[in-house]
Amino acid sequence: MARKTKAEKEKTYQALLEAGAELFQKQGYTATTLNEIAERAGVTRGAFYGHFPDKSEMIKAIWQEHVMPFFEPIKETLLNLPEHDPATRFRHEINNLLELFEDNNVVGRAFFIIMHNMEISVKDRDLAEFLDDKYRLYKQVLFCAYTRLHDARQLRPGVEPEQAAMGFLYILIGMINMALLPFGNFDFARDGYPVFEHYLNSVLSA
């Protein structure tokens with residue numbers, strides 16, 4: 001039997017990743033079997049093991065492939081807001097974030113999977129720690145951004161950075177959930193932007 005080329009291996013890898021992400025979103029982590037992932041990808045169970053030792057490593061790969069390349073630039077900007085008028089840059093970057101979720105369903109789906117932790121059991125402690133780490137990362141980035149806004153006196157009186165960061169994260173997760181509901185009609189352009197604009201106006205003084 002001829003060896004698979006590098007391109008063929010990458011094609012199989014991406015097909016498995018897409019199949020896994022789709023199934024994890026629709027039916028959860030625990031309910032999804034390796035056989036289902038392989039069948040959806042059009043490959044054998046053995047092909048799955050040729051790329052991933054188990055489902056938990058696939059979840060990590062979904063983060064690396066579907067989230068990190070898009071999240072890293074936004075993260076770096078939020079961690080390095082200018083000292084002068086950080087609110088203008090912050091608003092611009094949040095708009096970029098919403099555009100990303102509006103234009104790229106793969107990113108939204110991956111974010112949904114990472115944030116929901118998908119009924120992780122005790123035996124999946126390593127994966128649970130990985131997912132918790134990503135959740136804490138999102139929260140910490142937002143906390144740092146809101147702290148810069150607070151120091152520049154661009155948060156409204158009484159608004160604390162940690163509260164603002166948690167509110168932001170809850171709204172974003174809720175909107176992504178709504179967008180992914182099979183029976184919903186949530187539209188980021190129609191519904192998401194006005195909601196976030198209202199939220200930002202409630203916490204920012206600039």
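The values are calculated or read from the model by the stated rules, or taken from the named source; none is laboratory data. Note that the structure is a prediction, hence the values are computed from the model and not measured. Because the Cβ atoms are built from the backbone with ideal geometry, glycine has one as well, and the counts that use them run over all protein chains shown. Only protein heavy atoms, including side chains, enter the accessible area calculation; ligands, DNA and RNA are left aside. Shrake-Rupley method; radii C 1.70, N 1.55, O 1.52, S 1.80 Å.
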Residue check, residue 31 over 13 Å from residue 113 (Cα atoms) and part of a helix (DSSP H, G or I): no
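Residue-by-condition table, conditions (1) among the hydroxyl-bearing types (Ser, Thr, Tyr); (2) touching a Pro at 6+ places or on another chain (Cβ under 7 Å); (3) modelled with pLDDT of 85 or more; (4) under 29 Å from residue 57 (Cβ atoms):
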| site | (1), (2), (3), (4) |
| --- | --- |
| 152 | no, yes, yes, no |
| 164 | no, no, yes, no |
| 193 | yes, no, yes, no |
| 201 | no, no, yes, no |
Pair list, Cβ < 8 Å and 6+ apart or interchain, from segment 133-158 residues that are within 21 Å of residue 84 (Cβ to Cβ) to residues that are of a type in the set (S, T, N, Q) and in a helix (DSSP H, G or I): 156/202
Test: residue 89 is out of contact with any strand residue (DSSP E or B) (no Cβ under 9 Å at 6 or more places or on another chain) and open to solvent by 60 Å² or more (accessible area, probe 1.4 Å): yes
Which listed residue is over 30 Å from residue 203 (Cα atoms), hydrophobic (A, V, I, L, M, F, W, C) and at pLDDT below 90, from 41, 15, 7, 19: 7
Number of the exception - residue 165 against (1) open to solvent by 40 Å² or more (accessible area, probe 1.4 Å); (2) farther than 29 Å from residue 27 by Cα; (3) without any contact (Cβ under 8 Å) to a residue 40 or more places away in the chain: (1)
Restricting segment 168-204 to residues that are hydroxyl-bearing (Ser, Thr, Tyr) and surrounded by 12 or more Cβ atoms within 10 Å (Cβ to Cβ), the residue that is nearest to the chain's Cα centre (by Cα): 193
One residue from 72, 83, 76 being surrounded by fewer than 14 Cβ atoms within 10 Å (Cβ to Cβ) and outside any helix (DSSP H, G or I): 83
In segment 79-112, the residues that are within 16 Å of residue 196 (Cβ to Cβ) and among the basic types (Lys, Arg): 89, 91
Filter result (open to solvent by 60 Å² or more (accessible area, probe 1.4 Å) and assigned to a helix (DSSP H, G or I)) within segment 35-53: 35, 36, 39, 40, 45, 49
Residue pairs meeting the criteria (Cβ under 8 Å; at least 6 apart or on separate chains; first closer than 18 Å to residue 103 by Cβ and hydroxyl-bearing (Ser, Thr, Tyr), in segment 181-197; second open to solvent by 50 Å² or more (accessible area, probe 1.4 Å) and part of a helix (DSSP H, G or I)): 193/95
Hey, residue 188 more than 23 Å from residue 28 (Cβ to Cβ) and modelled with pLDDT of 95 or more or not: no
Count - residues of segment 19-34 that are of a type in the set (Ser, Thr, Tyr) and open to solvent by 50 Å² or more (accessible area, probe 1.4 Å): 2
